[in-house]
Structures are given as C-alpha cells and as structure tokens.
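Beneath this line is the structure, given in structure tokens, with notes to follow.
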Amino acid sequence: MRFGPDQSLRLDSRARLGGLEIAYRTYGQLNADRSNAVLVCHALTGDQHCAGEHPTTGRPGWWNQVVGRGLPLDPDKLFIICSNVIGGCMGSTGPASINPDTGKVYGLNFPVITIADMVRAQAMLVDALGIETLFAVVGGSMGGMQVLQWAADYPERMFSAVCIASAPRHSAQNIAFHEVGRQAIMADPDWRAGAYADQGARPEKGLAVARMGAHITYLSESALQRKFGRELQRDGLSWGFDADFQVESYLRHQGAAFVDRFDANSYLYITRALDYFDLAQGHGGVLANAFAQARDVRFCVLSFTSDWLYPTPESRTIVKALNAAAARVSFVEIETDKGHDAFFLDEPVFHGALRGFLDSAAAARGL
Amino acid sequence: MAVTSREDFREILRLVRPGSRVLEIGCGEGGLLELLASEKGVDGRGLEISAAGVSACLARGLAVVQGDADGDLADYPADAFDYAILSQTLQQMRDPRRVLTELLRIAERAIVSVPNFGHWRVRWSLLAHGRMPVTRDLPDPWWSTANIHLCTLRDFTDLCADLGVRIEASAALTQGRPARQMEPSRLMENLRAEQALFLLSRPGQRTADPRSAVAVDDLFDR
C-alpha cells in the first residue's frame, strides 16, 4: 500500500518519511462488523509472508505452524494482516528504497527508525484497511516488542495482545551481539559506506557473518549439541580451515541463504531499532506506566525455558508491569530446549496455550 | 450452580463478595476461578506453578500467570485485590508466615484453608503406629509429601495472633459433609476439624464489611 505525500510518517527521530510504502499480505476475510482482524508482527529478519508460500524462496511462510487452517490463527475465522516493517527489505520503505527527494537509493540517508515508528506505520495501514479495533496483535521476538508498543500507543485499538519470547528493552548483551553483526557488515569492503547499491556491489560476506553470529543466539547450547555434537562433514579432519564440523557447515549455509533474501543496510537499521527499544524510557522509566491505558486489553505473555536471547526474566518483567497496571495478563513459560527460535517451531504446549488464549478471547469478542 | 466435589469451593463462593477482585494462588486448572466468575461475577486472576495448569486456565479464558507463591507474590502491588485465596497449599510453602503476610498486603482479605494436623485421626495414627500419619487428607508418606509445613488449628490461630491478623470467620471442613461454623480456639475443634477454612483480614481492618453480601455472623450457618 502506497501512501500519498500528505500522509508522511512522523518518526521518533523527528524526521518524516514521505512516499511511504507498506508491503503486506492478508489471510482470510474481514467480517461484516470488522471485528476479526489480527495483526501479526514479524521478527528481525521476517516479512509479511507468515503463511502460504514465500514468493522468492518458495519455502513455507515463517509462521506456518501458527497461521493457517485449523491452527491457532485460523484464516477461516480471522482476518490476518501481516506487514513488512518499515526499514525492511521485502517491499516496505527501507534503506534499499528510492529516496523520492534524490531519485537514488536511500542507503545511509534513510532515517534511523524505532519500534514505535514501525508500529505507527502499522497503525496507518490498519486505518487504511478501514479497521478501527484489532481483535489481536500477535508477535514473537521483535514482533513481541511491537505488540508491547501497540499496547502503549494504541491500547484502545486492540482487544488482546500476545507477546512471545520478547523483552521490554534491549539488554547490554542484546546490543553487544547486534554490534558484532553490524561491524561484520561494515567491515566488508563491498559495503562501500552503505552506498553499495549505487556501486553495484553487495556486502554478502559481512551480512553472512552477521547472520551466523546472530543465528547462534536463536538456538540453545543443548539444541546445537543434540543436532550436531562434534559430528564431522567428511571422514577425518582436513587439518585446515574448511568446514570440518557439521555445525560449521550449517552456519555457513544459514549465512549464505540469508544474503539471498536480505539487505545489509536493512539489517543495520532494524538491529538499531531493536537496540533503541526501551519501552519504560518514554514513560518516566516505569514500565507499568506504559500500560496505564491498557487495562482492558487481554494480554498473553509466553516465554521459552532455553531462550537466552530474551530469557524468561524479561517476560516476567513485562508481566510484573502489567500486573502493577492492573491489566488482565496471563503468562506461561514453555519447557523446550530449542532456544529463542522455539516460537517458529513445532511446540505443542506453546501452540496449545496460544490456541486456548486466542479461542477464549475470540469467544469473549463474540467471534 | 455447578456441582463441585470440594466443599471448600462452596464455602469460598459464599464468602466472596459479588463483583470483587480476586487473586487465587495455586489455582490449578482454574475450577474455582471459573465458578467465582460465573456465580459471583468476580474479576479473577490466578497464580499457578505448572505450565499445564496455566494452559488449561487459558483455554477457559482465565487470566493466570505461571509462578511460584514462595517467590512471585512480591511482584504484585499492594491492595490490588479484595481477596487473595490460598486453598490447601499454605502447608506446602517454604515460608508460610511470609506468604500469609504477602496475601494480606496484596488483598484486603485472605481466604486460607489448611489441613488440621491436630485432628484426632492424625493424633491416633501417630500414637498407635509411631509413624508419620497417612490419612485421607494427608495421603502421602513423609518422604514424598508436598506438605512440608503442617500445622494444627491452634498453631494456625497462634500464628494469626502473632501477625496481628484478624480471623473474621472460620469453618471446619470434613470430607463429604457441609462446612460447619466453628470457634477455632476451642480445644474440641482442634480434634474434630479435618480441614479448616479461614477468612482473614489485616490488623486495623473493619470487621464487618458494609459492602458484603452476607453478614459475617451467618457465613457458615446453614
């Protein structure tokens, strides 16, 4: 969806983003009283293709375990909206878009964006689709941060909220890992100070290394051990620096596959948005104040035992703040060894909790 | 009214003021919270230690947080609820004294039920066999029981006195029989009551709640 010049997006940095484009995909039908719309918010490297087939990779959508017929988010019952965040590279305005003022690719001239900016853009999309109140805003990881931001900024526009494997702010460790990823990109000579698009280059090596490092944080030690152990790729060691171990080969593959679908500058901008995220900061340093107007929203907070990227204490901080704000909150910690990425995977207890919460919320909304 | 096999549920339903805010600690699969919502229009919240219990509560549309009463009650703000309910789990807490204090910090009133270790069957079992009693209310052997802080009726009333907690009402519960109002300080009750259920309030709290639907005097009178 393209917004006119009169509908520029106001950003936290005080800049304005004109000629805004938001790429989105919907599943299911909006009902007559427009009460069954769900906004699915994607994570750092996700996109609008949460279900069905991905048009470029041909692979199933990133949340095909959750969104689909007979699944917790069922398009037979709900109107599911998933949009690419601004700053992204799957069709929404981002650093790889053309700057309308110069006619050239933005690159580093793209303004720094925040989670709140992403949410403001989503609210514009929801407006444009003629939806006043969403039945649910749902997301994991960075998507969960958007859910919390929605609750802080548009509580009257949402009936329920599901925040999965997320955090109310980025920790020093979170920022540290992102900085390693960004430095890997910027150290690639093909990054060309961010202007690689104009110069026909791509910092693929740097982006792949960034992805490899980040990917480790999405798993857990026990899951890596279980999956790979010290297994070798071939018989015997190479006595060199080839990928001897299966885990090395796996990471190289993850890095290589990622550069085919992701833009390096988008990676810089979106990781920056995550690092800048601190929901309490804008509310006098008290997280509960962010939820002061969200008392009537039904919240479900979910975490995973082996997630060390956004570990359970982060979710507990959210729950504590929601309790202090007298909001209606439920919380479950799901037992799994699959780490942060468990929210993409086949986790029956997680899906059961999600389904239970959403089905009862739907009944309360008369859906 | 839905049929419940737990007499304490029925008593709690009678005690709770309609439309009040209730936190149930150790709410299991949410049976009581659901009854309180449907029968009394209560705005209920739960705290439950098991993920399976919380998931069952979610499916019932209840707002329940996974957590441990021993550690997580401190996260709740003061005076957030009208009632905090702790049904048959105080004796399983690591620090029952602190839990009791926390209940009455979070809520104006607490409803607490405990098995009575002073019951004659328990005493007889210990006297006759010289072993830790295994009764219908205390079914597990000492090495596997979750009940690590058992008390008698007198122990409990002593603790309340020590904390300055007021006992507004108390009832004796015996399996299969309706609850019976009692005076918990009487020696006979310490022998007769298998389980005891108490309505507690903070020191300095008004005894009779003017908004209460039932007068305290006839709370347990049938």
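The values are calculated or read from the model by the stated rules, or taken from the named source; none is laboratory data. All values reported here derive from a predicted model rather than from experimental measurement. All Cβ positions, even for glycine, are placed from backbone atoms using ideal geometry, and neighbour counts span all protein chains on display.
Worth a mention:
- Here residue B:55 meets each of (1) over 20 Å from residue A:361 (Cα atoms); (2) crowded, with 19+ Cβ neighbours inside 10 Å with one exception, condition (1).
- Flag if residue A:159 is outside any helix (DSSP H, G or I) and either at pLDDT 95 or above or touching a strand residue (DSSP E or B) at 6+ places or on another chain (Cβ under 9 Å) (or both): yes
- Set side by side, the residues A:331, A:344 differ, and just one is buried (at least 23 other Cβ atoms within 10 Å of the Cβ), among the hydrophobic types (A, V, I, L, M, F, W, C) and touching a residue at least 24 places away in the same chain (Cβ under 8 Å), which is A:331.
- Among the residues of the stretch B:33-52, the ones that are in a helix (DSSP H, G or I) and either more than 7 Å from chain A (Cβ to nearest Cβ) or crowded, with 24+ Cβ neighbours inside 10 Å (or both) come to 9 in all.
- Residue A:297 within 22 Å of the chain's Cα centre (by Cα), more than 10 Å from every other protein chain (Cβ to nearest Cβ) and over 24 Å from residue A:60 (Cβ atoms): yes
- When B:73, B:104, B:100 are screened for being closer than 23 Å to residue B:7 by Cα and in contact (Cβ under 8 Å) with a residue 12 or more places away in the chain, only B:100 passes.
- Pick from the stretch A:296-318, criterion assigned to a loop (DSSP other than H, G, I, E, B) and in contact (Cβ under 8 Å) with a residue 60 or more places away in the chain, ranking: surrounded by the most Cβ atoms within 10 Å (Cβ to Cβ): A:307
- If you go through the stretch B:16-32 and keep only what is over 21 Å from residue A:316 (Cα atoms) and within 10 Å of chain A (Cβ to nearest Cβ), you end up with just B:21.
- Restricting the stretch A:22-44 to residues that are surrounded by 22 or more Cβ atoms within 10 Å (Cβ to Cβ) and of a type outside the set (A, V, I, L, M, F, W, C), the residue that is farthest from residue A:140 (Cα to Cα): A:36
- With respect to (1) assigned to a strand (DSSP E or B); (2) acidic (Asp, Glu); (3) away from chain A (no Cβ under 13 Å), the lone exception for residue B:82 is condition (3).
- Top-ranked residue of the stretch B:5-32 - restricted to ones that are touching an Asp or Glu at 6+ places or on another chain (Cβ under 8 Å) and part of a strand (DSSP E or B), ranked as surrounded by the fewest Cβ atoms within 10 Å (Cβ to Cβ): B:21
- Going through (1) at pLDDT below 95; (2) touching a Phe, Trp or Tyr at 6+ places or on another chain (Cβ under 7 Å) one by one, residue A:214 falls short only on (1).
- Search result, residues across the stretch A:11-52 that are touching a helix residue (DSSP H, G or I) at 6+ places or on another chain (Cβ under 7 Å) and charged (D, E, K, R): A:12
- Verdict on residue A:85 being outside any loop (DSSP other than H, G, I, E, B) and in contact (Cβ under 8 Å) with a residue 40 or more places away in the chain: no
- The set of residues in the stretch A:2-30 that are in contact (Cβ under 8 Å) with a residue 12 or more places away in the chain, farther than 16 Å from residue A:127 by Cα and of a type outside the set (Phe, Trp, Tyr) comprises A:5, A:11, A:12, A:13, A:15, A:17, A:18, A:19, A:28, A:29.
- Test: residue A:28 is touching a Leu at 6+ places or on another chain (Cβ under 9 Å) and not basic (Lys, Arg): yes
- Test: residue in the stretch B:81-94 that is under 15 Å from residue A:301 (Cα atoms) and buried (at least 24 other Cβ atoms within 10 Å of the Cβ): no
- Selection within the stretch B:53-79: residues that are in a loop (DSSP other than H, G, I, E, B) and within 25 Å of residue A:162 (Cβ to Cβ). The member of this set that is farthest from the other protein chains (Cβ to nearest Cβ) is B:68.
- Candidates A:223, A:201, A:193 - the one that is surrounded by fewer than 19 Cβ atoms within 10 Å (Cβ to Cβ), part of a helix (DSSP H, G or I), over 25 Å from the mean Cα position of the chain (by Cα) and of a type outside the set (Asp, Glu): A:193
- Only one entry of A:77, A:104 meets the criterion of being over 18 Å from residue A:146 (Cβ atoms) and modelled with pLDDT of 95 or more, and that entry is A:77.
- Residue among A:68, A:28 that alone is more than 21 Å from the chain's Cα centre (by Cα), of a type in the set (Gly, Ala, Ser) and at pLDDT 95 or above: A:28
- Counting only residues that are part of a helix (DSSP H, G or I) and within 11 Å of chain B (Cβ to nearest Cβ), the stretch A:322-346 holds 3 of them.
- Against the list (1) within 14 Å of chain B (Cβ to nearest Cβ); (2) more than 21 Å from the chain's Cα centre (by Cα); (3) surrounded by fewer than 24 Cβ atoms within 10 Å (Cβ to Cβ), the condition residue A:351 fails is (2).
- Condition check for residue B:184: exposed (fewer than 13 other Cβ atoms within 10 Å of the Cβ) and assigned to a loop (DSSP other than H, G, I, E, B): no
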